[in-house]
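To keep things clear, I will list the structure first and then write my remarks on it.
Each value in this text was obtained by applying a stated rule to the coordinates, not by laboratory testing. The structure presented is a predicted model; accordingly, all values stated were derived computationally and were not measured. Cβ atoms come from the backbone with ideal geometry, glycine included; neighbour counts cover every protein chain shown.
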Amino acid sequence: MVARRTVIKTGASAILAWLAKPLDGWALEPKVPAVPKPIILSTWKFGLQANEEAWKVIEKNGNSLDAVEQGVMLVEADPNERSVGYGGRPDRDGNVTLDACIMDHNANIGSVACLQHIVHPISVARAIMEKSPHVMLVGDGALKFALENGFKKENLLTEASEKEWREWLKTSEYKPIVNIENHDTIGMIALDTKGNLAGACTTSGMAFKLAGRVGDSPIIGAGLYVDGEVGAVTATGHGEEVIRVVGAHLVIEMMRQGKTPKKACKAAVELIKRKFDLRQKQTKDTQIGFIAINNLGEYGAFALRKGFYYAVKDATGNKLYKADYLVK
Ligand code: GLY
């Protein structure tokens, strides 16, 4: 005898299957637009220039992976951007150590942490993704891999960053106040003309951090996550707090459950705040921001505090937005 529940289940499955079948002359509502509308989002003000660089790839129908790599490379090479790449503030021993990762819509990933002497950690991350059997290399091993793959060894400590570090040494007081002045990862996410998503994230991490400290930026799932069936997310700000809730992946899962990109970012920020409260810690000197796009090209952002900006580029222009935030 067939149980009543099974009959009901079978009946329900049949109805669902019937509903999913296109009717003659009718098309089902597409999950992604028939003609994807490309879009690029980046963290902070320097995202504007980075977006323009990435758009050069997108407008030629290039892929989002190339676009995000090219985009963030611009910031990595800029000595005036003091928390990414060349010119980044060093750790407390005076060494500039870099974290970066890259991901495409098919879960291809590459990541590098605590890498020294290479101007473009994002390209090392991509080389790890494409040329190594692994997804993440750190420290000396990462440098060895980079040199073996044609990257040039360079001094990343500029005069300005060294001066600031020597000044810091006078007190050696470590009070990581996370804001745009001392900490601003470039995270970029993009949807290309074929509807494919990708993301990249790169930073020199917290100024005057302990040697060996790794933040969220190279941690796939924390600083960056891309799911071709859902969307792309990246984070900026206090990496330890983002890692604590596996932030970027959390936002992706919220979007998978139907939240808009902005609501998903907000939910992740709220969880981070809750973890602060549970540990009876203050959020006063902390900033965290998420940016997200879904595979329809809708986007959103949310931050813990006031002061987080993000740049959005599409065919209509390139604009800087102030993100909404949870606490003042
Ligand atoms: N969000 C970058 C870091 O904490 O290093």
Checklist entry - Calculated FRET efficiency, Ser172 and Asp277, Cβ-Cβ r, R0 22 Å, to nearest 0.05? => result 0.10
Next on the checklist: Given a Förster distance of 30 Å, report the FRET efficiency between Ala160 and Glu240 from their Cβ-Cβ distance, rounded to the nearest 0.05.
Outcome noted: 0.70
Next on the checklist: Please compute the contact order of segment 226-275 in relative form: average sequence separation of alpha-carbon pairs under 8 Å and at least six residues apart, divided by the residue count, as a percent.
Outcome noted: 35
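Quick one: Asp216, Asp66, fewest Cβ neighbours within 10 Å first, how do they rank?
Ascending Cβ contact count within 10 Å gives the list Asp66, Asp216.
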Next on the checklist: Taking the beta-carbon count within 10 Å as an exposure proxy, list Met73, Met103, Met188 from fewest neighbours to most.
Outcome noted: Met73, Met103, Met188
Checklist entry - In a GNM of the chain with a 10 Å cut-off on Cα contacts, which of Asp184, Asp78, Asp227 has the highest mean-square fluctuation? => result Asp78
Next on the checklist: Using the crude model of +1 on Lys and Arg Cβ and -1 on Asp and Glu Cβ, and no other charge, please compute the dipole size for the chain relative to its Cα centre, in debye to 20.
Outcome noted: 1320
Next on the checklist: Around Asp91, under 10 Å between beta carbons, what's the net of Lys plus Arg minus Asp minus Glu among the other residues?
Outcome noted: +3
Checklist outcome for this item: Mean-square fluctuation maximum in Gaussian network of the chain, Cα pairs under 10 Å, restricted to Asn51, Asn95, Asn61, hits Asn61
Checklist entry - Put +1 on the Cβ of every Lys and Arg and -1 on every Asp and Glu Cβ in the chain; which of Pro261, Pro218, Asn295 then has its Cα farthest towards the positive end of the dipole? => result Pro261
Item to check | Rounded tilt (10° steps) of 4-20 against the dominant C-alpha axis of the chain | outcome: 80
Next on the checklist: Need one word for segment 177-285: rounded, prolate or oblate. Basis is the Cα gyration tensor (sqrt eigenvalues a ≥ b ≥ c); a/c below 1.5 gives rounded, then a/b vs b/c decides.
Outcome noted: oblate
Checklist entry - Listing Leu304, Leu320 from the residue with the fewest other Cβ atoms within 10 Å to the one with the most, what is the order? => result Leu320, Leu304
Item to check | Anchor Lys131: lysines whose Cα lies under 30 Å away (excluding residues fewer than 8 positions away in-chain) | outcome: Lys56, Lys60, Lys144, Lys152, Lys153, Lys194
Item to check | Unit charges at the beta carbon, dipole of the chain: most positive-side option, Val242, Met129, Gly88 | outcome: Val242
Item to check | From phi via Karplus (6.51, -1.76, 1.60), per-residue ³J(HN,Hα) for segment 75-84 in Hz, x at Gly/Pro | outcome: 6, 4, 7, 8, x, 7, 8, 8, 9, 9
Checklist entry - Taking the chain as a Gaussian network, Cα atoms linked when under 10 Å apart, which of Thr43, Thr158, Thr236 shows the biggest mean-square fluctuation? => result Thr158
Checklist outcome for this item: When the charge dipole of the chain is computed with +1 on Lys and Arg Cβ and -1 on Asp and Glu Cβ about the Cα centre, the Cα farthest towards its positive end, among Pro38, Thr283, Ile118, belongs to Thr283
Checklist entry - Angle, helix 121-131 long axis vs. longest principal axis of the chain, Cα atoms, 0 to 90°, nearest 10? => result 50
Checklist entry - To the nearest 10 degrees, how steeply does helix 139-148 sit against the main Cα axis of the chain, on a 0 to 90 scale? => result 80
Item to check | Mean residue ellipticity (222 nm) of the chain, computed from DSSP H runs ≥ 4 via -39,500 (n - 2.57), nearest 500 | outcome: -10000 deg cm²/dmol
Checklist entry - Simple spin-label model, 7 Å along Cα-to-Cβ: Lys328 to Asn61 in nm? => result 5.3
Next on the checklist: Classify segment 246-319 from the C-alpha gyration tensor, please: rounded if a/c falls under 1.5, else prolate or oblate depending on whether a/b exceeds b/c.
Outcome noted: oblate
